[in-house]
1. If you go through the range 136-157 one residue at a time, how many are more than 16 Å from ligand 1 (Cβ to nearest atom) and assigned to a helix (DSSP H, G or I)?
2. Tell me, which residue of the range 120-134 that is closer than 15 Å to LEU24 by Cα and surrounded by fewer than 18 Cβ atoms within 10 Å (Cβ to Cβ) is farthest from ligand 1 (Cβ to nearest atom)?
3. Looking only at the range 132-182, how many residues end up being away from ligand 2 (no atom under 16 Å from the Cβ), without any contact (Cβ under 8 Å) to a residue 40 or more places away in the chain and within 20 Å of PRO203 (Cβ to Cβ)?
4. Among the residues of the range 167-179, is there at least one that is in contact with a strand residue (DSSP E or B) (Cβ under 6 Å, 6 or more places away or on another chain), within 17 Å of ALA101 (Cα to Cα) and either assigned to a loop (DSSP other than H, G, I, E, B) or among the β-branched types (Val, Ile, Thr) (or both)?
5. Of all residues in the range 84-117, how many are touching a residue at least 24 places away in the same chain (Cβ under 8 Å) and within 20 Å of PRO23 (Cα to Cα)?
6. Check whether at least one residue in the range 137-144 is of a type in the set (Phe, Trp, Tyr), more than 19 Å from THR71 (Cβ to Cβ) and under 13 Å from the mean Cα position of the chain (by Cα), and report yes or no.
7. Considering only the range 80-125, state which residues are among the small types (Gly, Ala, Ser) and in a loop (DSSP other than H, G, I, E, B).
8. Could you tell me whether the range 34-46 includes any residue that is small (Gly, Ala, Ser), at pLDDT 70 or above, more than 16 Å from ligand 2 (Cβ to nearest atom) and in contact with a Phe, Trp or Tyr (Cβ under 9 Å, 6 or more places away or on another chain)?
Amino acid sequence: MGGYHPRMLIVADFDGTITEVEPLTYLAARFAPKLYASWEDQLHSGEASLRDVFVSGFSEVTVSAAELVGTAVREVPIRAGFRELIDHARGHGDRLVVLSAGFRQIIEPMLAHGGVGDVELIANEMVVDAGGMRASFRELPTCPVCGEPCKRGDIERLRAEGTPGEHVVLIGDGYSDRCAAEIVDTVFARDPLCGYLDESGVPYVRYDDFAPVVVHLRAIG
Ligand SMILES: [Mg+2]
Ligand SMILES: [Zn+2]
């Protein structure tokens, strides 16, 4: 018996990529509106990292974790075609990984509710204890390129786990996908990632749902 040799590594962001809107942003607007109003400027000015935002975010949320997760499950839909992408990857022998800067405790119930819970997931943890909710981030080295513990290191590690010369695909939409988009073979992007990639000269394929992504992947081989 030979080992498992994936033919392609497909890495998909979760918030705003697999979901139609960003659940963390949606939840913040709903349950921490003042914080929400301050996020975008802080991120664009570089004064805050995504970690800073998430860490401060939970302290501002006034509802229970169960209500937070339940709201995301009920109100944030999974983007059309993700089931087909999972089935395509499985049938093709590809490794499909959901790589999120968000939280497993929110993501897993959303995937399960959308009928797409059977996918590999790498995410951070939302710890709920007597002190309330807090973020527990995975141990990641600080990226030498962007200065944050970003997805680039994850992709390099996942690539090293695969076969040499494996075709690596990133599907993303936002801030957390910028740095990783520079090192993969094919990028599928939605706004606002498209704008960043245009400025950076990184080629990409625009997508609105996953059906054209599957068609494009089939064409790659
Ligand atoms: Mg995203
Ligand atoms: Zn980076």
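1. Within the range 136-157, residues that are more than 16 Å from ligand 1 (Cβ to nearest atom) and assigned to a helix (DSSP H, G or I) number 3.
2. ARG134
3. Adding up the residues that qualify gives 1.
4. yes
5. Qualifying residue count, the range 84-117: 17.
6. no
7. Hits for the range 80-125 are ALA80, GLY81, GLY93, GLY114, GLY115, GLY117.
8. no
The values are calculated or read from the model by the stated rules, or taken from the named source; none is laboratory data. Since we're looking at a predicted model, the values are computed, not measured. Note: ideal-geometry Cβ built from the backbone for every residue, glycine included; neighbour counts use all protein chains shown.
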